[in-house]
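One structure below.
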Amino acid sequence: MLKYGGIFLLLLCVLEYGTGLYFHIAETERKCFIEEIPDETTVLVNYKVELYDPRTGGFAPSTPGMGMHVKVQDPDDKMILSRVYSSEGRFSFTSHTPGEHIICLYSNSSSWFSGTQLRVHLDIQVGEHAIDYANTAHKEKFSELQLRIRQLLDQVEQITKEQNYQRYREERFRQTSESTHRRVLWWSLIQTVVLLIMGAWQMRHLKSFFEAKKLV
């Protein structure tokens, strides 16, 4: 029963593998997000930038010429993507190393906005959620059944990648735990040896002191 419960939770995690949100930043502020992504997985990010309008107290579409600088780094701090995009659009990348990927966004210039606050709408889709199945069906001329089978195959593939990633995390955690335990053991041994040496030195010193005072 627990086994099937774990599979069900994993399915929920994969099926909900997308993030939709918005946040506020100043023109010179950088905002970064960390996404845990399996290897060989496509990530699609849709975004839209709005400017604060002090007259209405709300946010309006951005001015022409404004853009967002996007940087993406993999778990080894290698740059996957670094480019300036327009104020609204999408970008995508494919992970080649499993782990935490850092996605950073900030405005490309501060000279136009004079401290204006920005609202950035962000939607991150990972795995099969990043695939445009309507476009795929049109290109490949899939029937509805064929398209559904394709979706199920992609979901199974994503589940497999997620399971492999969880095993990878478990292996790294085990290696870290074993390394920590070894270091703790060696530190304990070193402390014990130092205490024994100090005890022997103190005993010898006391013996010499007693002999000098002719107490023994």
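The values are calculated or read from the model by the stated rules, or taken from the named source; none is laboratory data. Keep in mind the model is a prediction, meaning the values are calculated, not measured. Don't worry about glycine lacking a Cβ; one is built from the backbone with ideal geometry, like all the others, and counts go over all protein chains shown. With ligands, DNA and RNA removed, areas are computed over all heavy atoms of the protein, side chains included. Shrake-Rupley method; radii C 1.70, N 1.55, O 1.52, S 1.80 Å.
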Practice prompt. Could you please find all residues in segment 53-101 being closer than 24 Å to Asn164 by Cα, buried (at least 16 other Cβ atoms within 10 Å of the Cβ) and touching a Leu at 6+ places or on another chain (Cβ under 9 Å)?
Written response: Val72, Gln73, Phe93
Worksheet item: Would you say Leu195 is on the phi < 0 side of the Ramachandran plot, at pLDDT 90 or above and open to solvent by 90 Å² or more (accessible area, probe 1.4 Å)?
Response: yes
Response to the item:
Subset of segment 30-44, residues over 18 Å from Ser82 (Cβ atoms) and among the acidic types (Asp, Glu), comes to Glu36, Asp39, Glu40
Discussion item. Being open to solvent by less than 80 Å² (accessible area, probe 1.4 Å), touching a strand residue (DSSP E or B) at 6+ places or on another chain (Cβ under 8 Å), at pLDDT 85 or above and under 30 Å from Val72 (Cα atoms): is that true of Ile124 here?
Written reply: yes
Worksheet item: From the set of residues in segment 66-92 that are under 17 Å from Ala26 (Cα atoms) and not in a strand (DSSP E or B), which is nearest to the chain's Cα centre (by Cα)?
Response: Ser87
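Listed here are the residues, each with its yes/no results for (1) in contact (Cβ under 8 Å) with a residue 24 or more places away in the chain; (2) under 20 Å from Gly99 (Cα atoms).
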position: Glu140; (1), (2): no, no
position: Ser143; (1), (2): no, no
position: Leu147; (1), (2): no, no
position: Gln151; (1), (2): no, no
position: Asn164; (1), (2): yes, yes
position: Arg167; (1), (2): no, yes
position: Phe173; (1), (2): no, yes
position: Arg182; (1), (2): no, no
